[in-house]
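Single-structure report; data block below.
The values are calculated or read from the model by the stated rules, or taken from the named source; none is laboratory data. Here the structure is a predicted model, which means the values were calculated and not measured. Please note: Cβ atoms are built from the backbone with ideal geometry, for glycine as well, and neighbour counts cover all protein chains shown.
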Amino acid sequence: MFNVVQNIFAIPELRRRILFTLGMLAVYRIGCHVPTPGIDAQVLGQFFAGTEGTLLGLVSAFTGGALERMTVFALGIMPYISASIILQLLTVVFEPVERLAKEGEQGRRTITKWTRYGTIVLSVIQGTGIAVGLQGMTGPAGAPVVPNPGLGFILLTVITLTAGTAFIMWLGEQITERGIGNGISLIIFAGIVANMPGALINSLRLFKTGALTPFTGLAILVVMVAVIWAIIFMERAQRRVPIHYAKRVSGAKGTAGQSSHLPLKLNMSGVIPPIFASSIIMFPATVANFVDVPWVQTIAGMMTPSHWLYNVFFVAFIIFFCYFYTAVTFNPVDVADNVKKQGGYVPGIRPGKATAEYLDTVLGRITFVGALYVSAVCVLPTLLYSNMNVPFYFGGTSLLIVVGVGMDTANQIESHLISRSYEGFMSGVTLKGRRG
């Protein structure tokens, strides 16, 4: 491992990219501690003390605690992600955007520009909602979160939060262009990882007080390693559909037929399903923080991670969104037509409609397995927290993001090393993506 680190810093370009990435992430973490004006931070902290398991707690985790402290980066990068998802869905269901996406580099730049505009619009909307909501929030003792509410506070908060999100978006684009890895993903990664030292300190404190035994700690460590290994394995898993190409004849010469494959990932939808499912299922618990109505409080009590009904709905929504998002992003008819136009076919399957039906069947089966895998990882934190007394939430959407981003970044670093005849992280191991 020491030799690998030496190889990384022996390449000037790679060293420059890594240091630039670390510097931009440091700027992001500093901004996560710059408070928004006009807010009583102590009262706000008391209010967020009871939001774990709600949508506010989920978003606060993604922002590295910036929302909980209501800093200039409180909105995080979520508006940009939402705008990106909306544009991605529009490329499938809205024909003008679909044509634009097929125009190559120029179309991609136009969609990127629209995504930026959409991010600003969503930031203004969300910032306005947060500013209005803050004015009605009070701490346990009844003290207001905003000592001096009014139109001035709303305008100042909206401008501050929107500017913070725009700056984070710029940071992410700079990391992608001049650093290593995907900048937006790394910013989310940094926000999630920033909560880990606190969880570790809390665990050590429980060991000292005897609340957590060494045997339980060892069992938790084994489970954590096994879960991370399973996520890495499942994220790399794919179903390879064989594609054969017919022999082509050009003049007096001919070319032999070739064989290839169509890789279908087991988890094609990534972390989108659990994010959507969490947003919907946690909505009642979030509303209950602002509405003091008995029946709303009752529903909110059922829609918390400790209740079995929450887990049932959570798994159902994840499975639904896995199928929905996969159907939106992968069109078997288009893929089958492209294979047919290139002179290819699936052995034993007629080209055209039969190939599309076959791909749809295969995709439906592996999506079901992928949906169960994502559901198991997302329900895991509740089981560990309730049954093994784990002092922090391990698993779920956060773990999927951390492992996925870590794998992508490591692959990019390894590509730089291999291109310059250095051994990568996985020396001596043949990765699936590199098999000829």
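Looking at the structure I just gave you, is I228 in a helix (DSSP H, G or I), at pLDDT below 80, surrounded by 12 or more Cβ atoms within 10 Å (Cβ to Cβ) and in the same structural domain as V335 (by TED's automatic domain parsing)? Spelling it out, it is not the case that I228 is in a helix (DSSP H, G or I), at pLDDT below 80, surrounded by 12 or more Cβ atoms within 10 Å (Cβ to Cβ) and in the same structural domain as V335 (by TED's automatic domain parsing). Note on region 111-132: among residues that are of a type outside the set (D, E, K, R) and exposed (fewer than 14 other Cβ atoms within 10 Å of the Cβ), the one that is nearest to V328 (Cα to Cα) is T112.
Quick check: is even one residue across region 421-430 modelled with pLDDT under 75, part of a helix (DSSP H, G or I) and either closer than 28 Å to P242 by Cα or touching a strand residue (DSSP E or B) at 6+ places or on another chain (Cβ under 9 Å) (or both)? Scanning region 421-430, I find no residue that is modelled with pLDDT under 75, part of a helix (DSSP H, G or I) and either closer than 28 Å to P242 by Cα or touching a strand residue (DSSP E or B) at 6+ places or on another chain (Cβ under 9 Å) (or both), so the answer is no.
Each residue in region 324-358 was checked for being assigned to a loop (DSSP other than H, G, I, E, B) and under 28 Å from the mean Cα position of the chain (by Cα), and 2 pass.
Do we find a residue being charged (D, E, K, R) and modelled with pLDDT under 80 anywhere in region 396-418? No, the conditions are met nowhere in region 396-418. Return yes when L156 is assigned to a helix (DSSP H, G or I), touching a helix residue (DSSP H, G or I) at 6+ places or on another chain (Cβ under 9 Å) and modelled with pLDDT under 85 and no when it is not. Here the answer is no, as L156 does not meet what is asked. Within region 122-153, the set of residues being assigned to a loop (DSSP other than H, G, I, E, B), closer than 23 Å to G76 by Cα and not small (G, A, S) comprises M137, V145, V146.
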